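A short worksheet on the structure shown next.
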């Protein structure tokens with residue numbers, strides 16, 4: 001399974017990478033790390049990830065815009081929103097647009113692993 005990690009925080013990108021690599025998700029290959037939606041789209045078009053972790057609040061292109069663009073590009077892509085937003089309506093909007101799951105920050109390693117497995121299992 002190819003995974004793209006999208007978050008404007010280097011700390012969060014690194015943490016998700018570490019959880020994936022150390023967490024027993026052995027069939028997961030990280031195909032890219034993006035700081036915003038524009039980078040995510042560029043990487044997704046080249047690397048064709050099956051799963052994307054998506055922050056919602058980012059500069060240049062936010063997660064909502066990016067989700068719409070990724071789903072338009074690849075309707076089968078599995079998006080897991082990983083966001084600190086306590087604003088539930090934005091999370092609901094992301095799910096309505098095609099995101100398949102939501103994990104709120106801060107998250108535990110186990111919460112992220114379970115959510116990634118759930119989202120990846122949709123196919």
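The values are calculated or read from the model by the stated rules, or taken from the named source; none is laboratory data. None of these values were measured; they are calculated from a predicted model. All Cβ positions, glycine included, derive from the backbone under ideal geometry; neighbour counts span all protein chains shown.
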Query raised in the report: Looking at (1) at pLDDT 95 or above; (2) within 13 Å of the chain's Cα centre (by Cα), can you tell me which one residue 58 breaks?
Result: (1)
**Report entry** Single unsatisfied condition, residue 15 versus (1) buried (at least 17 other Cβ atoms within 10 Å of the Cβ); (2) under 21 Å from residue 118 (Cβ atoms); (3) touching a strand residue (DSSP E or B) at 6+ places or on another chain (Cβ under 8 Å); (4) modelled with pLDDT of 95 or more
**Finding:** (3)
Query raised in the report: From the residues in segment 97-113 that are in a helix (DSSP H, G or I) and touching a strand residue (DSSP E or B) at 6+ places or on another chain (Cβ under 8 Å), which one is nearest to residue 5 (Cα to Cα)?
Result: 112
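How many of the residues making up segment 24-40 are in a helix (DSSP H, G or I) and either in contact with a strand residue (DSSP E or B) (Cβ under 6 Å, 6 or more places away or on another chain) or crowded, with 19+ Cβ neighbours inside 10 Å (or both)? Steps first, please.
To start, the set of residues in segment 24-40 that are in a helix (DSSP H, G or I) comprises 37-40.
With either in contact with a strand residue (DSSP E or B) (Cβ under 6 Å, 6 or more places away or on another chain) or crowded, with 19+ Cβ neighbours inside 10 Å (or both) added as a condition, the list becomes 37, 39-40.
The total comes to 3.
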Requested in this report: Search segment 97-123 for residues being under 13 Å from the mean Cα position of the chain (by Cα) and closer than 17 Å to residue 21 by Cβ, and hand back the single one that is modelled with the lowest pLDDT.
Outcome: 120
Requested in this report: Test residue 44 against the stated conditions and say whether it is modelled with pLDDT of 95 or more and crowded, with 17+ Cβ neighbours inside 10 Å.
Outcome: yes
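Going by what's in this entry, would residue 81 be described as outside any helix (DSSP H, G or I), within 19 Å of residue 18 (Cα to Cα) and in contact (Cβ under 8 Å) with a residue 24 or more places away in the chain? Don't jump to the end; show me each part of the working.
Numbers: outside any helix (DSSP H, G or I): yes; within 19 Å of residue 18 (Cα to Cα): yes; in contact (Cβ under 8 Å) with a residue 24 or more places away in the chain: yes.
So residue 81 fits the description; yes.
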Report task. Scan segment 65-78 and give yes if some residue there is in contact with a helix residue (DSSP H, G or I) (Cβ under 7 Å, 6 or more places away or on another chain), assigned to a helix (DSSP H, G or I) and either within 17 Å of residue 10 (Cα to Cα) or touching a residue at least 60 places away in the same chain (Cβ under 8 Å) (or both), otherwise no. Result -> yes
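Would you be able to say whether some residue in segment 5-12 is buried (at least 18 other Cβ atoms within 10 Å of the Cβ) and out of contact with any helix residue (DSSP H, G or I) (no Cβ under 6 Å at 6 or more places or on another chain)?
Yes, the conditions are met somewhere in segment 5-12.
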Query raised in the report: Among (1) at pLDDT 95 or above; (2) touching a helix residue (DSSP H, G or I) at 6+ places or on another chain (Cβ under 7 Å); (3) within 16 Å of residue 1 (Cβ to Cβ), which single condition is residue 25 missing?
Result: (1)
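Before we move on, is residue 120 in contact (Cβ under 8 Å) with a residue 12 or more places away in the chain, under 15 Å from residue 1 (Cβ atoms) and touching a strand residue (DSSP E or B) at 6+ places or on another chain (Cβ under 7 Å)? Walk me through it before giving the result.
Details: in contact (Cβ under 8 Å) with a residue 12 or more places away in the chain: yes; under 15 Å from residue 1 (Cβ atoms): yes; touching a strand residue (DSSP E or B) at 6+ places or on another chain (Cβ under 7 Å): yes.
Yes; evaluated as a whole, the condition is true for this residue.
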